[in-house]
Amino acid sequence: MVAAEGLVANGAQPVSGLLTGRLSALMFMQFFVWGAWNVTLGLVMQTVGVGSLIANAFSVGPIASIVGSFLLGMAAARFLSPKMLMVVLHLVGGVLLFILPTLLTPEHGASFVWLLLGYMILYMPTVGLANTIALKSFGERVDRFPFVRAFGTLGWIVAGLIIGWAGLSASPHIFEVAGVVSIALGLYSITLPNVQPDAPQGKSLAAEVFCTEAFGLMRNRSFLIFILCATLISIPLAMYYAYASPYVGAAGIENVGGTLAIGQMSELVFMFSMPFLYRRFGVKPLLLVGMIAWALRYALFAIGDGGAGIWAIYLGVALHGVCYDFFFVAGAIYTGTIATPKGVNAQAQGMLTLFTYGVGMLLGSQIGGLLYAQLPANATVADWHHLWWYPAIAAAVIALLFQFTFKNNRTETHA
């Protein structure tokens, strides 16, 4: 690392405030780009008359998280500088973001989905690359990473608020907002610390790409059950990302982007408290509460409306912090406690992402599309109520399955 950045190879030395600020800006823009269009895409597609393609549009992210991670995040990053990959991927991705709105029409809806898939294959690896740059730049001071990563959530929140306040929640122009920031981030990435690609570990490239050693962790029964439940709970999770925005719009709430940003605000609060809660309660209570929160959220959506029941919609959105942090953040910590002694933490985290954001959310997007297809063309809030009961019941069943089958070792929890 560079001495001017306040990094010392041996020992946990203080890092410069300038480095922390630069990496915080990186995370802010990284997730601003995603949050600018992802939150209200379902509403936009419904508004322009391609609502039937929402399921396919939200399936490209899971597919890209698999394909992009294999082709770029795991393989190419071994031979190219993470910084230069960030520059290229965000500049090219920014151009594609400006093209996407021109295809968001009933005549070109299929082409829009294919181009969105191409964009997401470029974007998804940059999430891991941003984490890599931050962690390697901090060296031994990895305790600074949660603070920097919180700016990513803040970027997602600010993007939603800007889209909502500008009245763009139902407009294809959300992609242009994201495109501007993507190109800015590509140029900004030139100035990032020049960390080196991962050094080969003596294993074949195929073995590392396909996480063969991480899959061996599932011989641990508790970890196997966790992976299974994490995959299953990601199915109803996908329905929230895809259909929350058109549902909130159908309820008569105009500032859809700003309303859904409440969920990220909640996530930010619980993210800082997660290490303490994990040490205090252990893994199983947190994972179980997270699953129950998913069931409760969808039940609230199933009874909420734009009148006297609007409180249920706001409360359901605000539960996002509990839903996400108590399961996915706690789950990532738990995965680390199981994988670190085996020396395969990075592989295990990649495998967890593969099953949750890949397999689980892909299934959820397609199942959600089948349920959405049953709604009338101009669905009312009452029509939406029927849809939300399905993920509510599914999440409750998964929580029961987890409660009666997961038996964690307390020494694993506090490792």
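The values are calculated or read from the model by the stated rules, or taken from the named source; none is laboratory data. All values reported here derive from a predicted model rather than from experimental measurement. Cβ sites come from the backbone with ideal geometry, for glycine too, and all protein chains shown count toward neighbours. For the accessible areas, the whole protein counts, side chains as well, though only heavy atoms, and no ligand, DNA or RNA atoms are used. Shrake-Rupley method; radii C 1.70, N 1.55, O 1.52, S 1.80 Å.
A few notes on this one:
- Selected residue [open to solvent by 10 Å² or more (accessible area, probe 1.4 Å), closer than 27 Å to ASN131 by Cα and not acidic (Asp, Glu)] from LEU375, LEU286, LEU315, LEU319: LEU319
- Test: ILE303 is buried (at least 22 other Cβ atoms within 10 Å of the Cβ), more than 17 Å from the chain's Cα centre (by Cα) and not small (Gly, Ala, Ser): no
- Tally of residues being assigned to a helix (DSSP H, G or I), closer than 24 Å to VAL88 by Cα and open to solvent by 10 Å² or more (accessible area, probe 1.4 Å) across segment 155-189: 9
- Picking from residues in segment 96-114 that are open to solvent by less than 40 Å² (accessible area, probe 1.4 Å), in a helix (DSSP H, G or I) and not small (Gly, Ala, Ser), the one that is nearest to VAL177 (Cα to Cα) is LEU97.
- Subset of segment 245-283 (residues that are more than 26 Å from ALA178 (Cβ to Cβ), of a type outside the set (A, V, I, L, M, F, W, C) and buried (at least 19 other Cβ atoms within 10 Å of the Cβ)): TYR278
- Looking at ALA332, ALA318, just one residue is without any contact (Cβ under 8 Å) to a residue 24 or more places away in the chain, within 28 Å of MET271 (Cα to Cα) and of a type outside the set (Lys, Arg), and that residue is ALA332.
- The single condition from (1) modelled with pLDDT of 90 or more; (2) touching a helix residue (DSSP H, G or I) at 6+ places or on another chain (Cβ under 6 Å) that GLY258 fails is (1).
- Some residue of segment 237-245 being at pLDDT 85 or above, in a helix (DSSP H, G or I), more than 30 Å from GLY160 (Cβ to Cβ) and within 23 Å of the chain's Cα centre (by Cα): no
- Residue pairs whose Cβ atoms lie under 7 Å apart, sitting 6 or more positions apart in sequence or on different chains, and linking a residue in segment 354-375 that is more than 16 Å from MET45 (Cα to Cα) to a partner that is open to solvent by 50 Å² or more (accessible area, probe 1.4 Å) and at pLDDT below 90, are LEU362/ILE63.
- Restricting attention to segment 115-149, the residues that are open to solvent by 10 Å² or more (accessible area, probe 1.4 Å) and in contact with a Phe, Trp or Tyr (Cβ under 7 Å, 6 or more places away or on another chain) total 3.
- Inclusion of ALA230 among residues that are open to solvent by 20 Å² or more (accessible area, probe 1.4 Å), among the hydrophobic types (A, V, I, L, M, F, W, C) and at pLDDT 85 or above is not warranted.
- Here TYR298 qualifies as open to solvent by less than 10 Å² (accessible area, probe 1.4 Å), within 21 Å of SER245 (Cβ to Cβ) and assigned to a helix (DSSP H, G or I).
- Filtered residues of segment 137-178 (kept if basic (Lys, Arg) and farther than 17 Å from LEU26 by Cα): ARG141
- Scan of segment 327-338 for residues that are more than 14 Å from the chain's Cα centre (by Cα), surrounded by 22 or more Cβ atoms within 10 Å (Cβ to Cβ) and hydrophobic (A, V, I, L, M, F, W, C), ordered by number: ALA330, ILE338
- Residue in segment 249-257 that is in a loop (DSSP other than H, G, I, E, B), on the phi > 0 side of the Ramachandran plot and not aliphatic (A, V, I, L, M) present: yes
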